[in-house]
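The structure under discussion appears below in the form of C-alpha cells.
The values are calculated or read from the model by the stated rules, or taken from the named source; none is laboratory data. On a predicted model such as this, the values are computed, not experimentally measured, just so you know. Neighbour counts run over all protein chains shown; Cβ positions are idealised from the backbone, glycine included.
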Amino acid sequence: MSKTHKTKEEIIETYSARVSSKGQVVLPKTLREELAILPGTLISFNVFRNARSKKIRDVKMKKEMNLVELVKSGHFPSPRKNKGVDPVKAREYMEKNYERN
C-alpha cells in the first residue's frame with residue numbers, strides 16, 4: 001500500500017509493510033525494481049534520535065552501492081586513459097624535477 005504527497009520540490013511516496021514474527025519486512029516490488037534491489041543487496045538504516053531523550057525520531061532506509069554501481073552512477077570517476085604520455089619519460093621527468101620525501 002502506498003500514499004503520494006506532492007510539494008513544489010518533490011514527490012513523497014509512503015509505503016507500508018507488515019513486520020513478520022521473525023522481524024522481517026518485504027520491500028514493495030515497485031521499490032525493489034526501481035532501486036534494483038536484488039537478493040544480497042546491502043541496505044542501511046539511518047536512525048535519527050532526539051539528542052536529549054534519545055528516543056527514535058525517524059528511520060530512513062538507503063541502498064548501499066557497490067563499486068560497479070558507483071562508477072555507473074557517476075559518483076566515482078572511471079580511470080582516465082593514458083593520453084599519449086610515455087610512462088618512461090614521465091617517470092624520468094618526475095625523478096629529475098621532484099624530490100622524494
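Brief remarks follow.
- Looking only at segment 33-70, and only at residues there that are within 12 Å of the chain's Cα centre (by Cα) and among the charged types (D, E, K, R), the one that is farthest from Tyr15 (Cα to Cα): Glu69
- Any chance Thr30 is among the hydroxyl-bearing types (Ser, Thr, Tyr), within 21 Å of Glu13 (Cα to Cα) and modelled with pLDDT of 75 or more: yes
- The C-beta contact set for segment 38-61 (first residue modelled with pLDDT of 90 or more, second residue of a type in the set (Asp, Glu) and part of a strand (DSSP E or B), distance under 6 angstrom, 6+ apart or interchain) comprises Phe48/Asp58.
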